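The values are calculated or read from the model by the stated rules, or taken from the named source; none is laboratory data. All values derive from a computational prediction rather than experimental measurement. When we count neighbours, we look across all protein chains shown, and the Cβ atoms used for this are built from the backbone with ideal geometry, even at glycine.
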């Protein structure tokens, strides 16, 4: 059965990989031509490259790597679903689960019957889930670093330092492994390449796609257009972000009591019931046993 799945899926996977390689080569050629005509930092990625870019995967070969990983994961998933040994193993477990009486046995047998499909779906979605998780961690890191960075920029701007110089000094004192620092370096490159500050900030917002940073860049672009002070905008935005994080933390703390109900009911209360009622029930069983033995004797 496994070789049948291999014969059916292998041509599809090979064709998909071939198409990914051809597409990547054409994209690479277009990028090389664009690098000759314009600065590379002013490009706007689209489609799959844009989605991977927002997760921090900005290598020219990132779409090819993701497509190849997705094709390999799909091939492995099909092999898992069509594996005879796995089907025999789950079939044996399902036969054992039929011994369990009542709805629990039926539910367990259904889960075991669908286990190969569940495992195959998990393997097939592995690359997509990995990129999505990396995107979430990147968004969380940007939201965590943004208030402190804005306060530093506001302090430097209030001291009479220009925005570009303030960004350079903040980058000099920030760990390069932080996602926000990488994005500010791209901003700095756009400014050095001759882009207007409003355009560079708009590209920063589009590249990162985080709500908090989008609000900050919109306020800075508006301040740039009307000619107001950037230091006041930065200070106001940092205070608003800290207030928003404080309110969100309070909302999570208030919702914690409701979320603890289910773990308490499912895990803590049964154990407490056994610990409290268990000794009394055991003594009651011993008493019944002695009465029964005394009556029979």
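Observations on the model:
- Condition check for residue 140: surrounded by fewer than 15 Cβ atoms within 10 Å (Cβ to Cβ), without any contact (Cβ under 8 Å) to a residue 24 or more places away in the chain and within 27 Å of residue 56 (Cα to Cα): yes
- Where helices (runs of 4 or more DSSP H) sit wholly within the range 210-297, those with at least 1 residues that are under 25 Å from the mean Cα position of the chain (by Cα) occupy 211-226, 230-259.
- Filtered residues of the range 58-72 (kept if surrounded by fewer than 19 Cβ atoms within 10 Å (Cβ to Cβ) and under 11 Å from residue 128 (Cβ atoms)): 69
- Check on residue 119, part of a helix (DSSP H, G or I), in the same structural domain as residue 197 (by TED's automatic domain parsing) and touching a helix residue (DSSP H, G or I) at 6+ places or on another chain (Cβ under 6 Å): no
- Of the helices (runs of 4 or more DSSP H) lying entirely inside the range 33-101, those carrying at least 3 residues that are modelled with pLDDT of 85 or more and either under 25 Å from the mean Cα position of the chain (by Cα) or over 21 Å from residue 210 (Cβ atoms) (or both) are 62-81.
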